[in-house]
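Have a look at the structure below, then the notes.
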Amino acid sequence: MRGVDDILMTLAVSAFKLAMENDKAIASFNKATGTTNQYRDQLNQLYRANNEVGVSMADNTAAFGSLFADMSQFSELGASMQNNLTEQAALLEKVGVANEEYAAGMEITTKMFGMSTEAGMTAINELTAMAKDMGKAPGAMIKDFTAAGPALAKFGDDAVDTFKDLAAAAKATGIETGRLLEITGKFDTFEGAAEAVGSLNAILGGDYLNSMEMIAETDPTERLRKMQGAVMDAGMSFD
């Protein structure tokens, strides 16, 4: 019986230590968010739901805290949706997507792009899957996405697909997405387009690009294709 008693005592001590760690994590969350235990039951529920997949109370409170701070409509959502967001954030953090970047990505999709919360979550999942297929770190993909958000806002519901095309172009050319947006963004204004087209045509030695066509084409990847086509027509290297 001694062996059984020792096992039970060990389990009791472990359970006590875990309870203390969970209480500490919630206390830190309360301090950081200025809340007073109003989310304790919800965080405990999240812990019970996700502990089996390696998500600790500290993971949950960190994810919940970032969403609470950086996603403006988070506090207005129902508990079920808050839990879904927290669960996704905590799981993605395990593959390198920082909680802050996840929260920023959700803010961009829902506020700048006008997408629903569910659609935003789907978009983040699709981008992380795309990153894996491309051999790119998911964290780096989401970070690029959040950085590109303001420039992509004008595309609304099509912004995520526009970014996917841009990310693929970045992979193919070896040029970062931010730099590609900077290059193609020169064609957003008449003055910028005239200057950029004039410079490129001078390099290519002919009228291979038209400033009005470049302005009319708002998709950054399509602008890149037009530039690439002009270079190829001139018999030169795109580099």
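Here are a few things to note about the model shown:
- Among the residues examined, THR189 does not qualify as surrounded by fewer than 16 Cβ atoms within 10 Å (Cβ to Cβ), under 12 Å from the mean Cα position of the chain (by Cα) and among the β-branched types (Val, Ile, Thr).
- VAL97 meets all of the listed conditions (1) at pLDDT 95 or above; (2) assigned to a helix (DSSP H, G or I) but one, namely (2).
- Filtering the range 141-161 for residues that are free of Cβ contacts under 8 Å to residues at least 24 places away in the same chain and under 30 Å from ALA104 (Cβ atoms) leaves a non-empty set.
- Subset tally (residues that are more than 18 Å from SER116 (Cβ to Cβ) and either small (Gly, Ala, Ser) or over 16 Å from the mean Cα position of the chain (by Cα) (or both)) for the range 79-99: 3
- Residue pairs meeting the criteria (Cβ under 6 Å; at least 6 apart or on separate chains; first farther than 21 Å from VAL95 by Cα, in the range 116-129; second of a type in the set (Phe, Trp, Tyr) and exposed (fewer than 15 other Cβ atoms within 10 Å of the Cβ)): none
- Pairs with Cβ under 7 Å, 6+ apart, first in the range 49-73 and modelled with pLDDT under 90, second among the acidic types (Asp, Glu): ASN50/GLU87; MET57/GLU21
- Test for GLY229: is it in contact with a Ser or Thr (Cβ under 9 Å, 6 or more places away or on another chain) and either surrounded by 15 or more Cβ atoms within 10 Å (Cβ to Cβ) or outside any loop (DSSP other than H, G, I, E, B) (or both): no
- When LEU85, LEU67, LEU43 are checked against the criterion of being aliphatic (A, V, I, L, M), more than 27 Å from GLY156 (Cα to Cα) and open to solvent by less than 10 Å² (accessible area, probe 1.4 Å), a single residue qualifies: LEU43.
- Meets criteria (farther than 25 Å from LEU92 by Cα, open to solvent by 40 Å² or more (accessible area, probe 1.4 Å) and of a type outside the set (Gly, Ala, Ser)) for ARG223: no
- Flag for GLU217 being at pLDDT 90 or above and within 28 Å of the chain's Cα centre (by Cα): yes
- So GLY105, is it within 30 Å of LEU166 (Cβ to Cβ) and either assigned to a loop (DSSP other than H, G, I, E, B) or out of contact with any helix residue (DSSP H, G or I) (no Cβ under 7 Å at 6 or more places or on another chain) (or both): no
- The condition of being assigned to a helix (DSSP H, G or I) and surrounded by fewer than 17 Cβ atoms within 10 Å (Cβ to Cβ) holds for only one of ALA170, ALA129, ALA151, ALA159, that being ALA129.
- Residue, modelled with the lowest pLDDT, within the range 173-197, restricted to residues that are part of a helix (DSSP H, G or I) and more than 22 Å from ALA216 (Cβ to Cβ): THR173
The values are calculated or read from the model by the stated rules, or taken from the named source; none is laboratory data. Treat the numbers as computed from the prediction; the structure is a model and nothing was measured. Ideal geometry is used to build each Cβ from the backbone, glycine not excepted, and the neighbour counts take in all protein chains shown. Note: areas computed on protein heavy atoms with side chains; ligands, DNA, RNA excluded. Shrake-Rupley method; radii C 1.70, N 1.55, O 1.52, S 1.80 Å.
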